[in-house]
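To start, the structure itself, in structure tokens.
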Amino acid sequence: MRGLVVLVTLACFATAQHQALIDYLERRLLTIEDRISLWHEQTARYASELRELKKQMVSHLENLDKEKESLRMNLDTVGTRVDRVERELDYLETQNGAQPCVDVDDKLIEQQVTLVKEKQQSKYLKLTDCSDMISSIKAMKILKRVGGPKGMWTKDTSRPSGKVYIFNGTSEDTIKEFASVQEFSRSLGLSQSTALKLPSTWSGTGHVVYNGYVYYIDQPEEVMVVKYDTRNNSVTDRAVFPVQDHVPVYSLNPETVMDLAVDEEGLWAIYATKQNERHISLAKMDANSLDIEQMWDTNCPRENAEAAFVICGTLYVVYNTKQPGRSRVQCVFDVNEMVTSEDAPLVYFPKRYGSHSSLKYNPKEQLLYAWDDGYQILYKLLMKKKLEI
Ligand SMILES: *[C@@H]1O[C@H](CO)[C@@H](O)[C@H](O)[C@H]1NC(C)=O
Ligand SMILES: *[C@@H]1O[C@H](CO)[C@@H](O)[C@H](O)[C@H]1NC(C)=O
């Protein structure tokens, strides 16, 4: 009997405990349910807030885009205006360049003419029939951008075929040929050209193409001019340039040790040596034999020179600064002594990209073929007679 009582008590106790546990669990479940519904509510609110925020962001972004666009348009107009002002400045500078005051009577001019003629005859007989000098740069045309920052391009300066040659970079053994300036201009790049592989490496940007021959500078140890026939791809002649201790001729283009040029009278070499290292020297070469006919030390400094060219026996040296600015002809040297730096006009180039790595004169067209930071540019020159200063 006693045992039964104990058993019943125990069972009651167990039931009560069980009930308490169930109650506890129910309470817990209720709170969890409450919290779950709270979370649901909060999540829904957050989601709608997020949607709202997103909407606001999108409209802000749209506004920003619109503002950016109008800013860009404003900048474009400012850019064009700056360009125009710069062109006007270019024009004014070429107009007001160091023009000498000329006020001499006819007799004096006559005297000077005869004097000049005498000088000319005694100095350099061959150059008597060419008397043009630069007056200004009349126009420019940007044709293309192919290749690297440095290089040179030119048209064959006297062959009627008018083929165009591209020397990309400053040291290679291949050049690119196009049938004409139009073809080059229409091409999609250098891949559409004919590649001519030369028998040795050319160095710098001092090469010319003249009468179907490429005259290129090769400098294994000494500075050598190689004459290469483009019609049958063979070397016609090569000659070591007969001076020692070459230094790069233009301080702003140190890859170019010697620069060849063609003018109305033929082939020239522009160079510099240690013996006269502050100034540029000039030599007239025979384009057939590569002989040197005559040499001159000019008064044109190498410092800050970037390129040069020869027109009618007058060397024009173009200067710039290390931080590329406006290129300008600031020193001239006339082998006939008809033009001096003082009475030559200060010719400014229109400012474009960087500085020129080469300027090649074409006497037939009176054009300069320029390479400016990978752009191929043509400058049309306006000429006048040397005696009309
Ligand atoms: C041109 O020369 C530059 C180096 O100056 C080189 O990086 C580039 O690949 C060359 N382009 C072509 C088409 O040969
Ligand atoms: C290449 O052609 C020129 C004339 O066109 C000729 O004088 C020369 O001998 C030729 N060279 C070779 C290697 O055929």
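With θ taken as phi - 60° and the Karplus curve 6.51 cos²θ - 1.76 cosθ + 1.60 applied, the whole-hertz 3J(HN,Hα) list for the stretch 325-335 is x, 7, 6, 8, 7, 10, 8, 10, 9, 9, 5 Hz, x standing for glycine and proline.
In summary, the stretch 240-308 shows an alpha-carbon radius of gyration equal to 1.04 times the 2.2 N^0.38 Å reference for compact globular proteins.
Pairs from the list Lys274/Lys386; Lys141/Lys360; Lys66/Lys144; Lys144/Lys385 with a Cα-Cα gap above 24 Å: Lys274/Lys386; Lys66/Lys144; Lys144/Lys385.
Here is the P(r) of the stretch 334-389: all C-alpha pair distances, binned every 10 Å from 0, give 19, 43, 32, 6 in whole percents.
Taking 2.2 N^0.38 Å as the expected size of a compact globular protein, what ratio does the Cα radius of gyration of the stretch 125-189 give against it, to two decimals?
Computed over Cα atoms of the stretch 125-189, the ratio equals 1.42.
Put simply, the C-alpha atoms of the stretch 115-274 give a gyration tensor, and the ellipsoid matching it has half-axes of 27, 22, 17 Å, longest first.
In units of the compact-protein estimate 2.2 N^0.38 Å, the stretch 257-357 shows a Cα radius of gyration of 1.07. Taking amide H atoms as placed 1.01 Å from N in the peptide plane, the amide H of Leu267 lies under 5 Å from those of Met285, Ala287, each 5 or more residues away in sequence or on another chain.
Each value in this text was obtained by applying a stated rule to the coordinates, not by laboratory testing. Given the structure is predicted, the values throughout are model-derived calculations rather than measurements.
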